[in-house]
Amino acid sequence: MTVYACDMKRNLRSLIIWSLAVGGMIMICILMFPGMKNETEKMGAMFSNMGSFTAAFGMDKLDFGQLMGFYGIECGNTLGIGGGMFAALAGISALANEEKEHTAEFLLTHPVSRGSVIIQKLIAALTEVLVLNIFVTAVSLVTAAAAGESFDMKSFTLIHIAFFVLQAEICCIAFGISAFIKRGSLGIGLGLALAMYFLNLLCNMSEDAEFLKFITPYAYAEPSSIIADKEIDCVLMAAGLCIAAAGAVTAFIKYSRKDIAS
């Protein structure tokens, strides 16, 4: 697991920065809730009359006056976008950075197969995503307790499971793309996460675009639906896991046969 350990060490600073950034923003949101509780009730009433804009963010299904509803919208979007961008960057840089930094030839001369390198790099990227989610979940629970608030633990747990799977899927898709490019591309990674996010907004705004729910992982990680239904849409999540597996397999096939740039 030398490659795994090296990748974890190499990406430690990025992991810490993203974890603190996402966790810090969520902590601020939760701390603001007690003071905004009365105002959020008025905001909820206002948003309920904003038509497709309200539906796009799922605000028509949630009560802003309750911590879970407020958390689903404010913190859900923070974790969804921030965590999705981090997962995309972890995946897109995993393989491509070896060629960008001209370390691929050195790495592949060691007595380790390309298949093992690919698997260890994928596990390292997914581990980074898992660590970020564990940190953010812990920050949310501790901050809510410090603020004298409490979550509906079933909804809270389901939301965080869904967001972890969402980020793992984006990471695997980006990992697959990483095998095709010779240099790390932050733009592709960030663009992938944002494109998936906006596809979900489009799904929520138009019934004609509902088929896109099988493409974007944000559809099964929609906090408003999870809180309202007390469950995750398993069909959409299964479709997402298949897409994630396709991304990982594509990376394995492509990188195993790739001519490495020197």
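The values are calculated or read from the model by the stated rules, or taken from the named source; none is laboratory data. Note that the structure is predicted; figures quoted are calculated from it, not measured. Note that each Cβ is placed from the backbone with ideal geometry, even for glycine, and that neighbours are counted across all protein chains shown. Keep in mind that these areas ignore ligands, DNA and RNA; they rest on the heavy atoms of the full protein, side chains included. Shrake-Rupley method; radii C 1.70, N 1.55, O 1.52, S 1.80 Å.
The table below gives the values:
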| item | result |
| --- | --- |
| Selection status of residue 99, modelled with pLDDT under 80, assigned to a helix (DSSP H, G or I), charged (D, E, K, R) and open to solvent by less than 70 Å² (accessible area, probe 1.4 Å) | yes |
| Residues satisfying the stated conditions in segment 230-259, i.e. over 17 Å from residue 177 (Cβ atoms) and either of a type in the set (Val, Ile, Thr) or more than 20 Å from the chain's Cα centre (by Cα) (or both) | 230, 232, 235, 259 |
| Residue list for segment 128-165, restricted to those being farther than 18 Å from residue 74 by Cα and acidic (Asp, Glu) | 128 |
| Conditions (1) open to solvent by 30 Å² or more (accessible area, probe 1.4 Å); (2) modelled with pLDDT under 85; number of the one not met by residue 65 | (1) |
| Tally of residues being of a type in the set (D, E, K, R) and part of a helix (DSSP H, G or I) across segment 133-157 | 1 |
| Which listed residue, of 213, 182, is among the basic types (Lys, Arg), open to solvent by 10 Å² or more (accessible area, probe 1.4 Å) and farther than 24 Å from residue 254 by Cβ | 213 |
| Meets criteria (assigned to a helix (DSSP H, G or I), surrounded by fewer than 22 Cβ atoms within 10 Å (Cβ to Cβ), modelled with pLDDT under 90 and out of contact with any His (no Cβ under 7 Å at 6 or more places or on another chain)) for residue 93 | no |
| Pairs where the first residue, in segment 160-177, is assigned to a helix (DSSP H, G or I) and the second is open to solvent by 10 Å² or more (accessible area, probe 1.4 Å) and of a type in the set (Lys, Arg), C-beta under 8 Å, 6+ apart | 176/254 |
| Criterion: at pLDDT 95 or above, within 20 Å of residue 27 (Cα to Cα), assigned to a helix (DSSP H, G or I) and open to solvent by 10 Å² or more (accessible area, probe 1.4 Å) - qualifying residue of 130, 126 | 130 |
| Residue satisfying condition, being out of contact with any Ser or Thr (no Cβ under 6 Å at 6 or more places or on another chain), open to solvent by less than 70 Å² (accessible area, probe 1.4 Å), closer than 19 Å to residue 61 by Cα and hydrophobic (A, V, I, L, M, F, W, C), within set 228, 248 | 228 |
| Among the candidates 221, 209, residue that is at pLDDT 90 or above and not β-branched (Val, Ile, Thr) | 221 |
